[in-house]
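Asker: Just passing along the structure, written as structure tokens.
Quick note: the coordinates plus some simple rules give every number you see, no bench work behind them. Given the structure is predicted, the values throughout are model-derived calculations rather than measurements. Here Cβ is always computed from backbone atoms with ideal geometry, including for glycine, and neighbour counts include all displayed protein chains.
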Amino acid sequence: MLDNGRITNWELRPGCWIDWRTRGRCVIIATVQVVTSVAAATAEGRKNSKRRVLVPTMGALHRGHGELIRIAREAAGKEGDVAVSIFVNQLQFAPGGDYEKYPRPEADDDEFCRNAGVDILFRPSAQEMYAVDFSVSVEERSLANTLEGKSRPGHFRGVCTVVAKLFHILLPNSAVFGEKDFQQLAIIRRMVRDLNFPIEIIGAPTVREADGLACSSRNQYLNTTERRQAPVLRAALLQAQRLAAQGERAAPVILDAARKAIATAPLARIDYLELVNAETLQPIDIVQPNSLVAVAVFFGQTRLIDNIRLP
Ligand code: PAJ
């Protein structure tokens, strides 16, 4: 963007201004149009003629979201716009889950979006998104029966419903989802295919902390000891991948090695650890060309997930 602090013309997109306060160097601060009403966002979506790429999130934005926004920016092109939605979607939380305590750092998220060059930030209220007598939802009935879907009944109904609503309101050409939530990505692709949404779904690789832990808004729930032990998920998945690379094909052997790796973290409690076909998400006994190991582990009340492709 900057050439030794100098700004060249093409960098000045509408909605950007120049801030000269930073010790003689200039930075471009994009203005973000923050839209909180569904009616306003719907009207804006209809009148928008630019290529739009959407990044749906629940906020508490971190580097993982940042990478999705970067990919969205690239996909939108110089003329297109990047929309980010922030909505903590009660419909995908289990009763008694962490909906109430889910982090909502609004000012930080605003700044994050500004710095990331987001054009539109859609942050609707729960009341506006769901009428009190709300009674229609979107349900995927095959991929959603395994892994997360088994552990969190109704979760993907909540995800599909809110994502379908966001698609209808914001009318993006493309939308970016992270591979960290591999099953979510697969289900959204299926929903788009089966319900004919004219939207391209882009998958984004998982962004990690230096010690391998996948970035997640929920990592901040971990206490110091739990945080120290949490990279064991990644270590276990890498162990599974190593075994497969060495020619091991049997699921029980691969999963047993991963389970042993997780057991080295005294606070870790496995929710599921499975070898699945990456397309059907059904458990398999033997490694196939398109295989994936998926894991969910509790540290106290905090549930972390991760996955890895096998060679
Ligand atoms: P949220 O957990 O906020 O995640 C928003 C998007 O960021 C998802 O596509 C998720 O896969 C991606 N993401 C999260 N952590 C990531 C990481 N470390 N690396 C790469 N991508 C990452 O997922 C949801 O919200 C919700 O279910 C939502 C799709 C918004 C529907 O409510």
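Asker: So, in region 158-187, exactly how many residues are under 19 Å from Val82 (Cα atoms), among the β-branched types (Val, Ile, Thr) and within 11 Å of the ligand (Cβ to nearest atom)?
Answerer: So the answer is 3.
Asker: Tally the residues that are in contact (Cβ under 8 Å) with a residue 40 or more places away in the chain and surrounded by 12 or more Cβ atoms within 10 Å (Cβ to Cβ), restricting the search to region 107-142.
Answerer: Final tally of qualifying residues: 23.
Asker: Quick one: in region 78-102, of everything that is touching a helix residue (DSSP H, G or I) at 6+ places or on another chain (Cβ under 6 Å) and part of a loop (DSSP other than H, G, I, E, B), which residue is nearest to the ligand (Cβ to nearest atom)?
Answerer: Asn89
Asker: Consider region 230-289. How many of its residues are touching a Phe, Trp or Tyr at 6+ places or on another chain (Cβ under 9 Å) and exposed (fewer than 14 other Cβ atoms within 10 Å of the Cβ)?
Answerer: 1
Asker: Okay, moving on. Out of curiosity, is Gly154 within 11 Å of the ligand (Cβ to nearest atom) and of a type in the set (Gly, Ala, Ser)?
Answerer: So Gly154 does not fit the description; no.
Asker: Of the residues that make up region 211-224, is at least one within 29 Å of Cys160 (Cβ to Cβ), more than 10 Å from the ligand (Cβ to nearest atom) and out of contact with any Phe, Trp or Tyr (no Cβ under 9 Å at 6 or more places or on another chain)?
Answerer: yes
Asker: List the helices (runs of 4 or more DSSP H) that sit entirely inside region 215-311 and contain at least 3 residues that are more than 29 Å from Gly66 (Cβ to Cβ). Before the answer, list the steps.
Answerer: On the way: elements: 224-229, 232-245, 251-263.
Answer list for region 215-311: 232-245, 251-263.
Asker: While we're looking at this one, here's another question. List every residue pair whose Cβ atoms lie under 7 Å apart, where the two residues are 6 or more positions apart in sequence or sit on different chains, the first residue falls within region 212-233 and is over 21 Å from Ala258 (Cβ atoms), and the second residue, located anywhere, is in a loop (DSSP other than H, G, I, E, B) and small (Gly, Ala, Ser).
Answerer: Note: pairs meeting the criteria are Ser217/Ala60.
Asker: Could you list, ordered by first residue, the pairs with Cβ atoms under 6 Å in which the first is in region 56-76 and near the ligand (Cβ under 8 Å from one of its atoms) and the second is among the hydroxyl-bearing types (Ser, Thr, Tyr), at least 6 apart or interchain?
Answerer: From residues that are near the ligand (Cβ under 8 Å from one of its atoms), the pairs are Pro56/Ser85; Ala60/Ser217; His65/Thr57.
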